[in-house]
1. Restricting to helices (runs of 4 or more DSSP H) lying wholly in region 34-122: which have 2 or more residues that are crowded, with 20+ Cβ neighbours inside 10 Å and within 11 Å of the ligand (Cβ to nearest atom)?
2. For SER136, all conditions in the list (1) of a type in the set (S, T, N, Q); (2) in contact (Cβ under 8 Å) with a residue 40 or more places away in the chain; (3) under 30 Å from ASP211 (Cα atoms) hold save one; what is the number of the exception?
3. Which one is farthest from the ligand (Cβ to nearest atom) among residues in region 123-139 that are over 27 Å from ARG5 (Cβ atoms) and polar (S, T, N, Q)?
4. Looking only at region 91-118, which residues are basic (Lys, Arg) and over 20 Å from LEU20 (Cα atoms)?
5. Just give me the residues in region 140-194 being away from the ligand (no atom under 15 Å from the Cβ), part of a helix (DSSP H, G or I) and crowded, with 21+ Cβ neighbours inside 10 Å, in sequence order.
6. Looking at (1) touching a residue at least 60 places away in the same chain (Cβ under 8 Å); (2) closer than 30 Å to SER215 by Cβ, which is the one condition that is false for ALA154?
7. From the set of residues in region 1-29 that are away from the ligand (no atom under 14 Å from the Cβ) and among the β-branched types (Val, Ile, Thr), which is nearest to SER40 (Cα to Cα)?
8. In region 203-216, how many are outside any loop (DSSP other than H, G, I, E, B) and exposed (fewer than 12 other Cβ atoms within 10 Å of the Cβ)?
Amino acid sequence: MGVARIAVLASGGGSNLQALIDRIAALGAGAPAEIALVISDRRAAGALERATRAGIPTAYVPASAPEGALEAALVDAQIDLIALAGYLRYIPVPVVQRFHARMVNIHPSLLPAFGGAGMHGMHVHRAVLAAGATESGATVHFVDEVFDRGPIAAQGRVPVLAGDDADTLAARVLTLEHRLFPWAVLALARGALALTDDGRVQGARLDLTLDSPLSD
Ligand code: GAR
């Protein structure tokens with residue numbers, strides 16, 4: 001694929017986007033990918049600001065945009081891979097199909113636990129605490145037609161500590177996300193991570209922790 005052209009889709013602050021920007025910058029000429037476009041459904045998303053600061057083209061595609069607008073933006077920018085980093089909208093089926101095996105999402109729990117409709121961001125961490133779970137984590141998975149249910153590419157765990165609230169737990173999970181997300185996206189770009197035609201993940205990394213070696 002040469003240097004893969006990645007689109008990052010984000011609705012929020014964009015700290016995972018930033019982790020990827022920083023990792024690619026650190027790899028310099030050896031990076032297997034470049035972020036060619038950042039798309040948000042929210043004009044005020046911090047992710048758009050971060051992209052602009054890094055000199056990355058941005059697109060604002062609100063929920064009210066005409067059908068096909070998201071796909072058109074991706075096709076126009078000649079995108080090879082999509083990385084969802086806190087993107088809170090359903091991906092239209094034609095986009096899921098076009099980017100089959102070429103789109104991953106990061107989710108702040110140990111999927112399949114605490115996934116599905118309505119489970120995003122702080123809602124996830126509150127639900128984990130309410131359930132009395134002793135550990136949580138983050139998952140990167142390939143995106144298919146079912147929300148949060150695609151084949152798992154990378155997963156790591158963190159402890160839930162006595163006295164945690166949703167903010168402290170979110171911060172611990174985010175630290176892990178900032179390792180998992182760039183690793184998975186760049187491994188996909190290098191071909192070290194792949195979804196086979198029969199739906200198996202090659203090169204998956206499961207059971208990671210905040211300390212596991214994770215080099216790319
Ligand atoms: C992250 O915790 C990500 O896992 C979560 O949104 C946050 C975005 O943070 N994604 C979901 O909940 C998807 N269901 P960021 O904007 O700082 O990267």
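1. Fully inside region 34-122 and qualifying: 46-53.
2. If we test SER136 against (1) of a type in the set (S, T, N, Q); (2) in contact (Cβ under 8 Å) with a residue 40 or more places away in the chain; (3) under 30 Å from ASP211 (Cα atoms), just (2) comes out false.
3. Among those residues, the one meeting the criterion is THR134.
4. Matches in region 91-118: ARG98 only.
5. Passing the criteria: LEU186, ALA187, LEU188, ALA189.
6. For ALA154, the exception is condition (1).
7. Result: ILE6.
8. Adding up the residues that qualify gives 1.
The numbers here are math on the coordinates, done by the rules we state, and not lab data. Computed from a prediction, not measured in an experiment: that's the story for all the values here. Note that we place each Cβ from the backbone using ideal geometry, even for glycine, and neighbour counts take in every protein chain shown.
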